[in-house]
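Data first, discussion second: the structure below is written as structure tokens.
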Amino acid sequence: MITYLAAICLIGAGLFAFVAGLGLVRFQDLPSRMHAATKAAGAAFALVLLSVCLRMPDWEVIGKSVIALAFAFLTLPVAAHALGGRSLMRRPADKGEEG
Amino acid sequence: MIEIAYHIFTALIAASVLCCLWRLWKGPSLADRINAADVIALACIGLAVGYGWKNGDALWLDFAMVAGLVLFVGTTALSLYLDPNDLGESEP
């Protein structure tokens, strides 16, 4: 029974990853694409780790999954913020002065 | 059952990576390409964890932890190359 639940979580993770790729192709501008990539990919990663926890219910597996998920959820928004801030806040006046 | 779920998962991840490769090839700006490479790397980490899921092997979770941190460092370091005038070291 719990194996079926883990399989459903794994297929859901694949669907979320596919939605992330589809949003990366179909959206129009850079912030929309970054939104699709960060959120849907983070949800897919969380579902994969949840599926592993359901398949092997062990304290070691659950602890490692929680640590990996915490790392992913701490670092994904920071990376997206660095990327978006770097790409959106350009200052052409400074570039003209220094160039 | 487990094999079927793993095959469906692999096919969906492959489709996602193909979409990201199209964006990596086509992307108008450098930030789009960095973003697509980020999603490809995260999909590969998920694929490795899914392989461990199929085999009942929990060792791939260590790989997921370390590769997540390395992915963050790589994306942040690449995003520093986007606009050289905004690095903060050229203040008057």
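Just so it is clear, none of the values below were taken in a lab; they were calculated from the coordinates. For clarity, every value in this text was computed on a predicted model and none was experimentally measured. As a convention, Cβ positions derive from the backbone with ideal geometry for all residues, glycine included, and neighbour counts pool all protein chains shown.
Of all residues in segment A:32-70, which are within 9 Å of the chain's Cα centre (by Cα) and more than 24 Å from B:Asp32 (Cβ to Cβ)?
At the first step, the residues of segment A:32-70 found to be within 9 Å of the chain's Cα centre (by Cα) are A:36-46.
Hit for segment A:32-70 is A:Ala46, nothing else.
Restricting to segment B:27-49, what's the tally of residues that are surrounded by 22 or more Cβ atoms within 10 Å (Cβ to Cβ), closer than 17 Å to A:Phe16 by Cα and of a type in the set (Gly, Ala, Ser)?
3
Testing B:Leu24 on (1) more than 7 Å from every other protein chain (Cβ to nearest Cβ); (2) of a type outside the set (Lys, Arg); (3) closer than 21 Å to B:Ala64 by Cβ; (4) crowded, with 16+ Cβ neighbours inside 10 Å, one condition comes back false. Which one is that?
Result: B:Leu24 fails condition (3) only.
Working only within segment B:25-47, note down all residues that are more than 12 Å from the chain's Cα centre (by Cα) and either in contact (Cβ under 8 Å) with a residue 12 or more places away in the chain or part of a helix (DSSP H, G or I) (or both).
We begin by selecting, within segment B:25-47, every residue more than 12 Å from the chain's Cα centre (by Cα); these are B:25-32.
Answer for segment B:25-47, where residues must be more than 12 Å from the chain's Cα centre (by Cα) and either in contact (Cβ under 8 Å) with a residue 12 or more places away in the chain or part of a helix (DSSP H, G or I) (or both): B:Trp25, B:Lys26, B:Leu30, B:Ala31, B:Asp32.
Sort out which residues of segment A:48-60 are facing another protein chain (nearest Cβ under 9 Å) and either closer than 21 Å to B:Tyr6 by Cβ or buried (at least 19 other Cβ atoms within 10 Å of the Cβ) (or both), and write them in order of number. First the steps, then the outcome.
Of all residues in segment A:48-60, those facing another protein chain (nearest Cβ under 9 Å) come to A:48-49, A:51-52, A:55-56, A:58, A:60.
Listed by number, the residues that qualify are A:Val48, A:Leu49, A:Ser51, A:Val52, A:Arg55, A:Met56, A:Asp58.
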